[in-house]
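Everything on this sheet refers to the single structure shown next.
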């Protein structure tokens with residue numbers, strides 16, 4: 001049995017079925033991300049004064065990722081346009097570029113996550129806080145038994161609030177060096193993972209969900225670029241519609257990042 | 001006829017994409033410049049300006065790359081419902097920030 005309205009527009013809706021389907025799906029996605037943005041707003045306005053982080057994320061990497069996604073949105077559109085003018089060679093080139101740009105985006109995001117996961121904040125028994133990237137742990141390091149040492153590349157502050165605004169003149173002036181701390185001097189130790197504070201929790205949730213969308217979109221685009229492109233020979237119009245629908249999803253993912261970048265990296 | 005159903009010229013799309021990308025670069029630079037500038041006393045004005053620029057950026061992507069400037073009525077209807085519920089969601093959020101129950105410890 002042939003699936004109806006994969007190429008022709010339905011008389012009642014005026015569009016083919018997959019297009020209406022993707023728009024309905026994107027509408028639900030708006031509410032999904034909207035709920036998480038709403039949670040971000042509530043967490044931010046509910047934070048104790050001076051305890052909401054600023055400058056924790058690498059703006060340069062965020063900017064590069066913004067431009068990569070914008071470029072990938074453009075190559076997606078051009079891939080569809082190439083299908084429309086029946087230029088399959090250019091479609092392959094443009095969609096190949098989209099895949100490469102998407103993988104680069106994910107690579108940079110992974111690097112950022114790794115950077116957060118090796119970044120530690122250590123509450124010391126003398127009331128001070130050590131903060132920096134993990135250099136090494138001694139082989140016998142055991143926080144529960146209070147034996148061994150840990151070395152961070154960072155600095156020590158008197159008040160935890162000093163770690164919140166990394167754009168402040170004090171934070172910029174801080175001298176970072178290798179600090180070795182004995183386990184016996186450690187009261188509490190944790191990395192900048194999702195459970196570090198509400199900022200990292202919402203940061204990992206929002207960007208993680210977004211990265212999953214990028215991954216899913218990349219897999220679909222890869223399928224249409226590779227094995228799925230066989231349809232071009234049998235039904236090019238239907239294939240073109242598939243590229244349009246996957247492109248709409250990809251543009252939505254770009255749209256989400258357009259708001260994620262300023263909200264998380266710039267404000 | 002929606003934009004995606006009109007006859008396509010690859011060259012015209014490449015020109016459009018170049019313009020869109022240049023504007024995206026400019027708006028992204030403007031957001032970063034605003035973020036590191038000394039506009040206003042705190043973050044409120046900065047956030048408003050940055051999100052305003054982000055909306056312009058989003059309009060470009062939705063309007064030109066997603067062809068929303070010339071789509072079918074049904075898609076506009078779906079989006080009108082989406083916008084209505086999204087505004088409702090954000091309205092509830094803003095309302096909640098000003099309406100903590102009595103006895104809530106505020107910082």
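None of the figures in this text is laboratory data; all of them are computed from the coordinates on show. Keep in mind that this is a model prediction, so the values were computed, not measured. FYI the Cβ positions are ideal-geometry reconstructions off the backbone, even for glycines, and counts take in every protein chain you see.
Mean sequence separation of contacting Cα pairs (under 8 Å, at least six apart), scaled by the length of chain B, corresponds to a relative contact order of 31 percent. Other protein chain C-beta atoms within 10 Å of residue C-beta, averaged over A:124-131: 0. Entry note, chain A: relative contact order of 24 percent, from Cα contacts under 8 Å with a spacing of 6+ residues.
By the beta-carbon count within 10 Å of each Cβ, the least crowded to most crowded order of A:136, A:29, fewest first, is A:136, A:29. Measuring spread by the Cα atoms of region B:8-91 yields a radius of gyration and Dmax of 16.3, 50 Å.
Once both axes come from the Cα atoms, what is the angle between helix A:59-84 and the longest principal axis of chain A, in degrees from 0 to 90, rounded to 10? Taking Cα atoms only, the helix is inclined about 10 degrees.
Computed over the alpha-carbon atoms, the protein assembly as shown gives an Rg to Rh ratio of 1.04, Rh here being the Kirkwood radius from the mean inverse distance. In chain A, the longest principal axis of the Cα atoms and the axis of helix A:17-45 are about 20 degrees apart. Projected over every direction and averaged, the convex hull enclosing the alpha-carbon atoms of region A:1-62 yields 8.1 nm².
Our summary gives region A:119-191 a relative contact order of 39 percent, counting only alpha carbon pairs under 8 angstrom and 6 or more residues apart. Axis angle, to the nearest 10 degrees, between helix A:88-117 and the longest C-alpha principal axis of chain A: 20 degrees.
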